[in-house]
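Chemist: This is the structure I want to talk about, given as structure tokens.
Nothing in this text is a laboratory measurement; each read-out follows from the coordinates by a stated rule. Predicted, not measured: the structure shown is a model, and the values here were computed from it. So basically every Cβ, Gly included, is an ideal-geometry build from the backbone, and we count neighbours across all protein chains shown.
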Amino acid sequence: MELKGLVLSGGKGTRLRPLTHTRAKQLIPIAGKPNLFYALEDLVAAGITDIGVILSPETGDEVRAALGDGSSWGVRLTYIVQEAPLGIAHAVKTAQPFLGDSPFVLYLGDNLLSGGIKHLVAEYRQTRPEAIVLLTPVEDPRAFGVAVLNQAGQVVRLLEKPQDPPSNLALVGVYLFSPAIHAIINRLKPSGRGEYEITEAIQGLVDGGQRVVAHQVRGWWKDTGKPEDLLDANRLALSQVVRRVEGELLEAEVIGEVVVEPGAKIVRSTVRGPAYIGPGALIEDGYVGPYTAIGKNAKLMASEVEYSILMDDAQVYALPYRLDSSILGQGVVVDGKGNTRRHTLQLVLGDRSRVRL
């Protein structure tokens, strides 16, 4: 039986405010592309083309507009509204009419993964366990679902955000399930957090003697829940770009792995990669340092920036400081005066903010 995909793109993104006051957190761009697109691309690369997308009422229209009917990826999308953010297991329950009796891949739309999921899907098709979970060691497991494995590497216990973690292996937001998970989810009660926990559902499989296989992430994984995570995800994604310069260079120096999209213009400026310059962007009398992504039609004039994300239509003029470790939302304007670049500036600004220095 063919696997379906289920991508979660709901939630309120409270840890990313003010950026998420005006947009779905899954649509924040990483290396010039919405986070959610990476999840879809991973599913497509694994041969999964029938995909449900969980939406929230607040940001659902925006996600629909970004993804369309799925034809850009050669997939069929079914949109499913989760009326309230009551947990991952609740999202699966909401999607049961779409999922039916198919096994499926559950993929959180604000996760970023190197190495893809093709090998996991291939293993599932061959061995048909009740679940495959993806794990990664983390420094502070208290913020995650945590798994305990036996000596054979099988999952024996799962805990959601434990205060005293029994291991450092966190559940990554990618799971493969057989339809057996539905009966367990239908019996779940809300946790102390008021949510239906996917960790509790997987524990139900383990307690029932079902086979739950664990794999550690190949390469890296990022949960893009906080601004610093976004910047780190941007760094990791940019570290994989291959030089492609299709825009216009006028007295400009472009060094290393840099993508300059068609219609972008770099004038009397230096861009040091890895970096991404979006279509229609203008860099003039400026400097773009490593691990910076500049969005469509953004402008950087007489200013310096590095290790930052400037979203579409952001504008930076004559800053007296180098912008560093910053995220500027769509249409943000930062206007500075003076030219003594002695310090750095760190900003996280939501869409259409305006700052004058």
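Chemist: Between Glu246 and Thr78, what length in nm is gained on full extension when 0.36 nm per residue of separation is reduced by their alpha carbon distance?
Modeler: Extra length available between Glu246 and Thr78 comes to 57.0 nm.
Chemist: If you line up the long axis of helix 227-238 against the longest principal axis of the chain, both from Cα atoms, how many degrees apart are they, to the nearest 10?
Modeler: 80
Chemist: Over 19 Å between Cα atoms, which of Lys161/Lys226; Lys25/Lys93; Lys189/Lys226; Lys4/Lys222 qualify?
Modeler: Lys25/Lys93; Lys189/Lys226; Lys4/Lys222
Chemist: Treating only the Cα positions of the stretch 62-183 as identical point scatterers, give the base-10 log of I(q)/I(0) from the Debye formula at each q in 0.09, 0.12, 0.20 Å⁻¹.
Modeler: At q = 0.09, 0.12, 0.20 Å⁻¹ the computed log10 ratios are -0.30, -0.54, -1.40.
Chemist: Mind sorting Val155, Val355 by how few other Cβ atoms lie within 10 Å of their own Cβ, fewest first?
Modeler: Val355, Val155
Chemist: Roughly how big is the chain's charge dipole about its Cα centre, with Cβ charges of +1 (Lys, Arg) and -1 (Asp, Glu), in debye to the nearest 20?
Modeler: The dipole of the chain has a size of about 340 debye.
Chemist: Sticking with this one: Where does the chain land at 222 nm, in deg cm²/dmol rounded to the nearest 500, when only DSSP H runs of n ≥ 4 count, each adding -39500 (n - 2.57), divided by all residues?
Modeler: Here the helix-only value at 222 nm equals -5000 deg cm²/dmol.
Chemist: Between Asp207 and Thr270, take the C-beta separation as r, use R0 = 45 Å, and let me know the FRET efficiency to the nearest 0.05.
Modeler: Efficiency, from the Cβ-Cβ distance: 0.15.
Chemist: Based on the Cβ-Cβ distance of Glu139 and Ser71, what FRET efficiency does E = 1/(1 + (r/R0)^6) give at R0 = 51 Å, to the nearest 0.05?
Modeler: The computed FRET efficiency comes out at 0.80.
Chemist: If you rank Asp69, Asp42 by fewest surrounding Cβ atoms within 10 Å, what's the result?
Modeler: Asp69, Asp42
Chemist: Just for the Cα atoms in the chain, what are the lengths along the principal axes, largest first, rounded to whole Å?
Modeler: Answer, in whole Å and largest first: 67, 43, 38 Å.
Chemist: Normalized C-alpha radius of gyration of the stretch 241-356, against 2.2 N^0.38 Å?
Modeler: The reported ratio for this selection is 0.93.
Chemist: If you wrap a convex hull around the Cα atoms of the stretch 246-306, how much volume per residue is inside, in Å³?
Modeler: Residue-normalised Cα hull volume stands at 52 Å³.
Chemist: If you take the charge dipole of the chain about its Cα centre, with +1 on Lys and Arg Cβ and -1 on Asp and Glu Cβ, which of Tyr321, Ala264, Asn35 is farthest toward its positive end?
Modeler: Tyr321
Chemist: Which one, Ala170, Ile277, Ala46, projects farthest toward the positive side of the charge dipole computed for the chain from Cβ point charges (K/R +1, D/E -1)?
Modeler: The one lying farthest along the dipole's positive direction is Ala170.
Chemist: So how much slack lies between Ser167 and Arg352, counting 0.36 nm per residue of separation and subtracting their Cα-Cα distance, in nm?
Modeler: The Ser167-Arg352 span can extend by a further 62.3 nm.
Chemist: Antiparallel versus total DSSP beta bridges in the stretch 4-229: what percent is that, nearest 5?
Modeler: 50
Chemist: So if each residue of separation counts as 0.36 nm, and I subtract the Cα-Cα distance between Ala152 and Val217, what length gain in nm does that give?
Modeler: 21.7 nm
Chemist: Let me ask something additional. Could you work out how far helix 35-45 tilts from the main Cα principal axis of the chain, as a 0 to 90 degree angle to the nearest 10?
Modeler: That helix lies at roughly 60 degrees to the long axis.
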